[in-house]
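Comments concern the structure below.
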Amino acid sequence: MTKKITITLEESLIEELSEVAINSGKKKAQILREALQEYFDTQAVTKTVTDYKMGTLKTISHNDVRASLGL
């Protein structure tokens, strides 16, 4: 499901977005969706790495994985 929103961007970003849309043959909305998804994916990975470094990420050892699979 999609929902329409309104955003305000600096003119330079709008110009760059328009140029990318023309060069790629994609609609501006598609480029923005892809950019947002990439940003959210990056944030999720960054959080996972941070949690791992802080020791707050639950991990499973290789041996435990093998045992759970009956190997």
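The values are calculated or read from the model by the stated rules, or taken from the named source; none is laboratory data. Owing to the predicted nature of the structure, the values given are computational and were not obtained by experimental measurement. Note that we place each Cβ from the backbone using ideal geometry, even for glycine, and neighbour counts take in every protein chain shown.
Quick notes on this one:
- Exclusive hit being of a type in the set (D, E) and under 19 Å from the mean Cα position of the chain (by Cα), set D64, D41: D41
- For first residues located in segment 42-71 and modelled with pLDDT of 95 or more, partners that are surrounded by 10 or more Cβ atoms within 10 Å (Cβ to Cβ) and lie 6+ apart or on another chain with Cβ distances below 8 Å form the pairs T48/L57; D51/L57.
- Members of segment 49-71 found to be among the acidic types (D, E) and in a loop (DSSP other than H, G, I, E, B), listed by number: none
- Residue in segment 14-48 that is nearest to T2 (Cα to Cα), counting only those that are exposed (fewer than 11 other Cβ atoms within 10 Å of the Cβ) and among the hydrophobic types (A, V, I, L, M, F, W, C): L36
- Any chance K3 is of a type in the set (K, R) and not in a helix (DSSP H, G or I): yes
- Sub-8 Å Cβ pairs linking a first residue in segment 29-41 that is without any contact (Cβ under 8 Å) to a residue 24 or more places away in the chain and within 15 Å of L9 (Cβ to Cβ) to a second residue that is part of a helix (DSSP H, G or I) and of a type outside the set (A, V, I, L, M, F, W, C), at least 6 apart or interchain, are I31/S24, ordered by first then second residue.
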